[in-house]
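Down below is the structure, laid out as structure tokens.
The values are calculated or read from the model by the stated rules, or taken from the named source; none is laboratory data. As the structure is a prediction and not an experimental result, all values here were calculated from the model. Because the Cβ atoms are built from the backbone with ideal geometry, glycine has one as well, and the counts that use them run over all protein chains shown.
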Amino acid sequence: MKLTKLITLAALFSNSNASITDWIFGGDENDGMIEMDIDIKPNDSKHIPASGKYLLDLAEDDDELYYVEKKLNNFFNTQITSKLHFGSEKKPFNLIFDSGSSWVWVSHKLCADCGETNEGFDSFASDSYKQYSKHLSYLKYGRGMVFGYNSHDQVCLNGDQNGKSCMPEYLFKSVVHERDLDGLQASGIVGLAPSSEISKAQLFIPSLYKAGAIKKNLFAMYIDPNGSSKMQVGGYNLKKYANPGAELKCYPIQKDHHYW
């Protein structure tokens with residue numbers, strides 16, 4: 001590498017006994033300052049992060065740069081939960097991420113029988129909340145069911161202030177009554193099914209993609225029995241979570257199936 005420039009802004013020192021750190025950073029208010037732009041030899045820079053690289057080259061077109069990663073909690077291999085943020089205040093709620101259903105619902109603060117874990121979504125405190133219908137509707141599962149109102153509000157993957165992981169007007173159910181769901185360890189469910197032809201739900205992952213909250217219309221899960229489970233939304237990371245040399249394999253989805 002060639003020396004590109006050498007600039008000396010000042011070389012005035014009040015004390016001939018000053019140390020090199022005093023010269024560079026200023027030992028007292030009367031000391032001068034030297035600023036020099038000098039190339040560093042590769043052997044001398046091997047311990048400096050990103051040395052010997054163009055910074056733009058560090059931002060490679062890799063899926064790991066584009067996804068939102070969320071920590072998953074595993075309740076005895078029966079309920080996989082993580083947090084979503086609802087309303088203008090982006091209040092977090094612990095929800096079950098379910099690959100076999102398509103609706104997103106959260107229990108409302110008015111729900112008196114939504115279990116001990118219910119935190120209660122407060123629609124009155126959200127400036128962006130809209131009730132889609134005044135008529136109750138219900139969702140029925142293999143065991144249990146919920147009753148609620150179709151609602152629109154902001155739903156976010158994270159609670160950060162920039163709002164990049166948010167959908168401004170997402171359709172979900174505000175649940176005011178639960179039945180036979182006493183074992184639910186969450187305040188609601190996030191349906192991840194690939195189809196809503198029957199349920200008429202607003203699909204969660206495609207809606208995030210359409211809103212620009214994620215870069216790719218996909219999600220991935222890493223289930224760790226030791227408690228380090230993760231979910232990637234909008235991408236995946238084979239380098240981090242797969243065995244060395246592993247390749248992604250694709251399989252067709254049967255048309256009659258409405259779940260993964």
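Observations, loosely collected:
- Residues in the stretch 222-260 that are surrounded by 19 or more Cβ atoms within 10 Å (Cβ to Cβ) and hydrophobic (A, V, I, L, M, F, W, C): Met231, Val233.
- The condition of being touching a Leu at 6+ places or on another chain (Cβ under 9 Å) and not in a strand (DSSP E or B) holds for only one of Gly115, Gly159, that being Gly115.
- Hits in the stretch 123-142 - residues which are at pLDDT below 95 and either of a type in the set (Asp, Glu) or part of a loop (DSSP other than H, G, I, E, B) (or both): Tyr132, Ser133, Lys134, His135, Leu136, Tyr141, Gly142
- In the condition set (1) part of a loop (DSSP other than H, G, I, E, B); (2) free of Cβ contacts under 8 Å to residues at least 40 places away in the same chain; (3) under 22 Å from Glu89 (Cα atoms), His152 is compliant with all but (1).
- Of all residues in the stretch 231-256 being free of Cβ contacts under 8 Å to residues at least 12 places away in the same chain and among the polar types (S, T, N, Q), the one that is nearest to Ile205 (Cα to Cα): Gln254
- Among residues of the stretch 215-239, those that are closer than 19 Å to Ser195 by Cα and part of a loop (DSSP other than H, G, I, E, B), counted: 4
- Condition met for Tyr209 (outside any loop (DSSP other than H, G, I, E, B), out of contact with any strand residue (DSSP E or B) (no Cβ under 9 Å at 6 or more places or on another chain) and either in the same structural domain as Thr78 (by TED's automatic domain parsing) or closer than 17 Å to Phe86 by Cα (or both)): yes
- Test: residue in the stretch 184-197 that is in the same structural domain as His85 (by TED's automatic domain parsing), without any contact (Cβ under 8 Å) to a residue 12 or more places away in the chain and either surrounded by fewer than 16 Cβ atoms within 10 Å (Cβ to Cβ) or among the small types (Gly, Ala, Ser) (or both): no
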